[in-house]
Amino acid sequence: VLAAEPEVAEGERPSGQRVVVIEFPDMERLKVWYDSPEYTPARDIARTALRRRLLFAEGVQAPSSMEATVRRFYGGLTTGDTSIADEVLAPDWEDIPLMPGMAAGREGYKQTVSFVRGAFPDLDVTIQDVVASGDRVAVRSVVRGTHKADFLGVAATGRQVEFAAFDFHRLEGGRIAQSWHLEDFFGLVNQLKG
């Protein structure tokens, strides 16, 4: 577990000893469990029955878990189901750069999905590569769709288009906290005007 400064709940910080890690979805749920009526008797017994150290640390998700979270993010673009925003995005998620006219945070994701799918109702995002390292996930994808409404100042053409996108996501507490993205809108506009 990578953490800048774990919170010591019992005992002292370990140095060079075995550490058992129990994963919780987030720090809040860990503390609810720790203070729960179900765990309190076991905690009281542990204080007298053994010598232990207990630390709470904000960790880094396992890559497979991080990848699953990021894939769900793209699933909303493909299906139009924006309800996943509340599950996969942090409440103060940053979209960098923020699309002009869109709200910040989860609401902005919902608006963006609605706007893009309004122009390309059959929008499909195909993920080609996912690389996870530390708290970051990089994604290379191809976006395809049929141009059915105004997009980037170009009226509906009925053309099927395809363009590349490259994104970097930073995850925190099991959710995407920031997304940096770059889409090949130059190539897209050339297809729309072509």
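The values are calculated or read from the model by the stated rules, or taken from the named source; none is laboratory data. Quick caveat: nothing in here was measured; it's all calculated off a predicted structure. A quick note on method: Cβ atoms are made from the backbone with ideal geometry, for glycine too, and the neighbour counts reach across all protein chains shown. Each accessible area value is taken on the protein alone, full model and side chains, heavy atoms only, with ligands, DNA and RNA left out. Shrake-Rupley method; radii C 1.70, N 1.55, O 1.52, S 1.80 Å.
Overview of values
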{"item": "Residue count, the range 75-94 (criterion: surrounded by 17 or more Cβ atoms within 10 Å (Cβ to Cβ), among the small types (G, A, S) and in contact with a strand residue (DSSP E or B) (Cβ under 9 Å, 6 or more places away or on another chain))", "result": "2"}
{"item": "Helices (runs of 4 or more DSSP H) contained in the range 33-136 and holding at least 3 residues over 30 Å from Q191 (Cβ atoms) and among the hydroxyl-bearing types (S, T, Y)", "result": "63-79"}
{"item": "Residue under evaluation V161, criteria (1) surrounded by 16 or more Cβ atoms within 10 Å (Cβ to Cβ); (2) within 23 Å of A90 (Cβ to Cβ); (3) at pLDDT 95 or above, criterion not met", "result": "(2)"}
{"item": "Residue among R175, R140 that alone is closer than 20 Å to I84 by Cα and basic (K, R)", "result": "R175"}
{"item": "Odd one out for A104, checked against (1) farther than 30 Å from P25 by Cα; (2) open to solvent by 70 Å² or more (accessible area, probe 1.4 Å)", "result": "(1)"}
{"item": "Odd one out for R144 among (1) in contact (Cβ under 8 Å) with a residue 12 or more places away in the chain; (2) open to solvent by 30 Å² or more (accessible area, probe 1.4 Å); (3) closer than 13 Å to D167 by Cβ; (4) not acidic (D, E)", "result": "(3)"}
